[in-house]
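The values are calculated or read from the model by the stated rules, or taken from the named source; none is laboratory data. Note that the coordinates shown come from a computational prediction; the quantities given were computed from them, not determined experimentally. Counting neighbours? That spans all protein chains shown, and the Cβs are built from the backbone with ideal geometry, glycine included.
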Amino acid sequence: MAGIVGWGSYIPKYRIKAETIAEVQNADAAAIKAGLGLTEKSVPGKDEDTATISVHAARDALARAGIDRKQIGSVYVGSESHPYAVKPTASIVGEALDIGNAYMAVDTEFACKAGSATIQINAGLVDSGMIKYGLSIGADTSQAEPGNALEYSAAAGGAAFIVGPNSESVATLDYTCSFTSDTPDFWRRAMQAYPSHAGRFTGEPAYFKHVSSATDMILKKSGAKITDFKYVVFHMPNGKFPLRMAKQFGATKEQIEAGLVVTKIGNTYSGSSILGLASVLDVAKPGDKILVTSYGSGSGSDAFIFTATKKITEAQKKARKVNDYIARKEYITYPQYLKHMEGIHQ
Amino acid sequence: MFRESPIIRWRNYSDRYKLRGYKCTKCSATYFEYKGMCPCGNLDFTEIDFSGRGKIAAFTQIHGGPEAFENKTPYCVAVIDLVEGARIEAQVMDCKYEDLKIGTEVEAVFRKFYSSGEKGVIHYGTKFVPKF
Ligand SMILES: [Zn+2]
């Protein structure tokens, strides 16, 4: 199968603390932090959106891949905050990356798994011989209505992957599969600025059912055991859900920790599980096996098994790591936060 | 002034998106904007893709920007000497005025410039941030 030839990530510099939001919402910050398992979230700059985050992450992915950019045959950008309702983000990204014009492109949307799905699409295109390299991106500047519980976690960031031939990969894609069903746990209707969700329903029949079913499916398909993996990443809508999933599958704290970026930056939606993957690739050693299961409301989960190759060590040095972006931060006030988010729609 | 045709800006995408400029074929001087003639007297140039790395040569802070940038004030604008030698004027983001100095190292990023009203096209291009 195909594999990952290069990867890159991006997280905006700005952060808002859970305490700052709790103060405005008149809520108990300690209870919120304990309940959601996160302390702060990333906020986009006033001139950042899904397109700019995508370009930033993709430039790092290109630096790591070291390939001729004109050989990229496809650009897929997954997001639920594409800058335009009609006009692709993918073509803006392709132009900014200077990859020429001979590439397939489309934007994808499937709540938080719009990015991971593009890795599957590109792997299929590479394996069929239709393209040599494909660019897969998941990025978001996710919106939450002021006063809503989502305000504590809806964050900004993204990750990009160049999918290409197995022989050139820093991590081979060994297996992938998905579990999908029509489940109305979270949605945003056309022309609405903010999403709606079905409260506690977002847990049991939605996240947990789909993530565990896709994970069960890939373990069965591959014959792998959870102990075979050095790293395990489950989609992170908050800091609690992936830990519960890990417990259910018997994954240890050590296996989960490297990819658990949500506790420091919040849920970057389409960027979330794949930022976890990027964060793991930043530190993985040749031979390490990686299990990733994404989740998108509405609902579906994509599961992946990767194995890091000898090429990963060199590639790790060629661009910034997820932790570099996490460490670069500036806290903002609630009025500043509103101003930053207002810019998203202008 | 910001309701100009999206097509006019589209013609400059290659310069604005990618930081592409011109290099004198005789003395190798580089320019961001097209020049008819190099001070060395040569009339021939080749295209060059700048690395996006540079240093601040001069800077200021804008408090009362044009209408399209109103919600972004205050912001910093700088004259930047690119490592390849060319000089460019650009916004410097993700920093405070107090953080900047002459000589501060910066790097190019792809950012949103402005939107032509609520219904218009969103314009993107190159800005700079302090190196981190
Ligand atoms: Zn000259």
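At a glance:
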{"quantity": "Filtered residues of the stretch B:55-104 (kept if small (Gly, Ala, Ser), farther than 25 Å from B:Tyr34 by Cβ and either in contact with a Leu (Cβ under 8 Å, 6 or more places away or on another chain) or in a strand (DSSP E or B) (or both))", "calculated": "none"}
{"quantity": "Test: residue in the stretch A:130-144 that is at pLDDT 95 or above, in contact with a Leu (Cβ under 9 Å, 6 or more places away or on another chain) and of a type in the set (A, V, I, L, M)", "calculated": "yes"}
{"quantity": "The stretch B:13-25, subset within 16 Å of the ligand (Cβ to nearest atom) and not in a loop (DSSP other than H, G, I, E, B), residue farthest from the other protein chains (Cβ to nearest Cβ)", "calculated": "B:Cys24"}
{"quantity": "Breaking point among (1) in contact (Cβ under 8 Å) with a residue 40 or more places away in the chain; (2) within 14 Å of chain A (Cβ to nearest Cβ); (3) in a strand (DSSP E or B), for B:Val129", "calculated": "(1)"}
{"quantity": "Residues (surrounded by fewer than 18 Cβ atoms within 10 Å (Cβ to Cβ) and of a type in the set (S, T, N, Q)) located in the stretch A:121-152", "calculated": "A:Ser128, A:Asn148"}
{"quantity": "Some residue of the stretch A:96-114 being in contact with a Leu (Cβ under 6 Å, 6 or more places away or on another chain) and farther than 16 Å from A:Ala2 by Cβ", "calculated": "no"}
{"quantity": "Where a residue in the stretch B:34-46 is within 22 Å of B:Leu19 (Cβ to Cβ) and its partner, wherever it lies, is more than 7 Å from the ligand (Cβ to nearest atom), with Cβ under 7 Å and at least six apart", "calculated": "B:Tyr34/B:Tyr22; B:Lys35/B:Tyr22; B:Asp44/B:Thr25; B:Phe45/B:Tyr22; B:Phe45/B:Lys23; B:Phe45/B:Thr25; B:Thr46/B:Lys23; B:Thr46/B:Thr25"}
{"quantity": "Criterion violated by B:Val79 - all others in (1) more than 14 Å from chain A (Cβ to nearest Cβ); (2) surrounded by fewer than 17 Cβ atoms within 10 Å (Cβ to Cβ); (3) among the aliphatic types (A, V, I, L, M); (4) under 25 Å from A:Pro335 (Cα atoms) satisfied", "calculated": "(4)"}
{"quantity": "Residues that are farther than 18 Å from B:Lys131 by Cβ and either within 13 Å of chain B (Cβ to nearest Cβ) or under 21 Å from the mean Cα position of the chain (by Cα) (or both), drawn from the stretch A:306-329", "calculated": "A:Phe306, A:Thr307, A:Ala308, A:Ile312, A:Ala315, A:Gln316, A:Val322"}
{"quantity": "Matching residues, the stretch B:26-60, being within 25 Å of B:His123 (Cβ to Cβ), more than 10 Å from the ligand (Cβ to nearest atom), away from every other protein chain (no Cβ under 14 Å) and at pLDDT below 95", "calculated": "B:Phe32, B:Glu33, B:Tyr34"}
{"quantity": "Flag if A:Ile332 is at negative phi, buried (at least 17 other Cβ atoms within 10 Å of the Cβ) and away from every other protein chain (no Cβ under 14 Å)", "calculated": "no"}
{"quantity": "Pick from the stretch A:233-245, criterion in a helix (DSSP H, G or I) and within 18 Å of the chain's Cα centre (by Cα), ranking: farthest from A:Gly296 (Cα to Cα)", "calculated": "A:Leu243"}
{"quantity": "Extreme residue, farthest from A:Asp182 (Cα to Cα), among residues of the stretch A:228-258 that are among the polar types (S, T, N, Q) and touching a residue at least 12 places away in the same chain (Cβ under 8 Å)", "calculated": "A:Gln255"}
{"quantity": "Condition check for A:Ala303: within 14 Å of chain B (Cβ to nearest Cβ), in contact (Cβ under 8 Å) with a residue 24 or more places away in the chain, crowded, with 18+ Cβ neighbours inside 10 Å and outside any helix (DSSP H, G or I)", "calculated": "no"}
{"quantity": "Condition met for B:Cys38 (touching a strand residue (DSSP E or B) at 6+ places or on another chain (Cβ under 6 Å), in a loop (DSSP other than H, G, I, E, B) and crowded, with 17+ Cβ neighbours inside 10 Å)", "calculated": "yes"}
{"quantity": "Boolean, B:Lys96 is free of Cβ contacts under 8 Å to residues at least 24 places away in the same chain and out of contact with any Lys or Arg (no Cβ under 8 Å at 6 or more places or on another chain)", "calculated": "yes"}
